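What follows is one structure encoded as structure tokens, with my remarks underneath.
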Amino acid sequence: MSIISLFKRLIAIVCTSVLFVSAGSVAQYSPKSDDIRLNVALLSDVHMESNNMDCFKNFGSALKGVFSTGKELNAVVFAGDCTMNGQGTEWFDFYGMLCRFNKADNVILAFGNHDFGFSSSHEVYDKLSQRAIDEYNSYMNKHIENVFYSEVIKGYRFIVLGTEDNYDNETAYITDKQIEWLKGELSAAANTGMPAFVINHNVIYGKHGELSNDINRISNNNGKLNDALTMCGTDVIYISGHTRMGVTKDSVTTQGRVTYVNLPSVSQNNKKASGIYAAATNGCIMEVYDDSIILRFRCFGSGQWLDGYENIVIPISNEQ
């Protein structure tokens, strides 16, 4: 990592330490079994906004809880909308808070519509998408060139998708070129006989109840995207955010070998749920084993597993 990047990290950490003072302790948690192959935290929709202290407090509380783990996390994944407006100060605050608490070996970011300014202007998209890429590379010592990219962690392939325009603010614009790239990545995962993890800010139409039937929630090339997932020859976990629907019966749906996981907002109260299931600081721990994947939704701020959603078991098929 360059001297400039290290300096940016240090300054960001110092500034966020002033804005968010961590107090008390959070209950430690551990995996369901010692046979775990991959341990990953899944978060979404931070919506970091420089004048919003609730975001600072909730994000800081959540991260503190995420890393109160008895076993090191192999990765922490963000499913988009890390910022509210894609501003440089918001990325500064986001990475400052993240770097302050982060103990994971890897940080993987998908970008959402708010990360590109929540604007229908193509010029704004071009500017802010490049800023998002540059900030990720700088703070996290990465080398991505596009809003879509992949990374292999302990043999498992994480495939990140991203909208290639922001012309109507909400809909992810996934081009045919990106779909063909995705097929190649999924094929590479299938050749290993291991499941693939696909992260995209937007849900796929119809997979998460009424909120994913909203025209502003679907992805362009929705059918082609879903076909690529279902026909790739391996188990796929598709991870999204965007809807802020909280943790409900529609948060996880499985069809064939594809499981669709929709994450709540980690820094704001959510919709379509109540009580702790709608609370800020909620997210998910994904534990990967040889024969299954276990999803465990947790309120990281309070250190509580969400009853009924703390042990969602997804069997891994041996077929190729």
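Quick note: the coordinates plus some simple rules give every number you see, no bench work behind them. Note that the structure is a prediction, hence the values are computed from the model and not measured. Ideal geometry is used to build each Cβ from the backbone, glycine not excepted, and the neighbour counts take in all protein chains shown.
Would you indicate which of (1) 21.1; (2) 20.3; (3) 19.4 is the value of Kirkwood radius over Cα pairs in Å derived from the coordinates of this structure?
The value matching this structure is (3).
Which whole-Hz couplings ³J(HN,Hα) result when phi for each residue of the range 98-105 is put into the Karplus expression 6.51 cos²θ - 1.76 cosθ + 1.60, θ = phi - 60°, listed in order with x for Gly and Pro?
Values per residue, Gly and Pro as x: 5, 5, 5, 9, 4, 10, 6, 5 Hz.
Amide H neighbours of Val198 under 5 Å, counting only residues 5+ apart in sequence or on other chains, H built in-plane at 1.01 Å?
Ile159, Ile237, Tyr238, Ile239
Can you check what the net charge comes to around Asn137, using other residues whose Cβ is under 12 Å from the Cβ of Asn137 (Lys, Arg +1; Asp, Glu -1)? Walk me through the numbers before you get to the answer.
Values: positive: Lys8, Arg131, Lys142; negative: Asp134, Glu135, Glu145.
Charge balance in the 12 Å sphere: 0.
What are the ³J(HN,Hα) values, in whole Hz, obtained from phi via the Karplus relation 6.51 cos²θ - 1.76 cosθ + 1.60 with θ = phi - 60°, for each residue of the range 275-280 in sequence order, with x given for Gly and Pro?
Per-residue couplings from phi come out as x, 5, 6, 9, 6, 5 Hz.
Where a Cα-Cα gap under 13 Å defines reach, which aspartates and glutamates qualify for Lys207, not counting those fewer than 8 residues away within the same chain?
Hits, sequence-local ones excluded: Asp250.
Total Lys pairs in the range 1-149 closer than 21 Å by alpha-carbon, pairs eight or more apart in sequence or interchain only?
11
Whole-Hz ³J(HN,Hα) for each residue in the range 147-163, computed from phi via Karplus 6.51 cos²θ - 1.76 cosθ + 1.60 with θ = phi - 60°, x for glycine and proline: what do you get?
So the Karplus estimates, Gly and Pro as x, are 6, 10, 6, 9, 8, 9, 10, 6, x, 8, 9, 9, 10, 9, 9, x, 5 Hz.
Which far-off residues, 5 or more places away or on another chain, put their amide H under 5 Å from the one on Ser292, with H placed in the peptide plane?
Ile316
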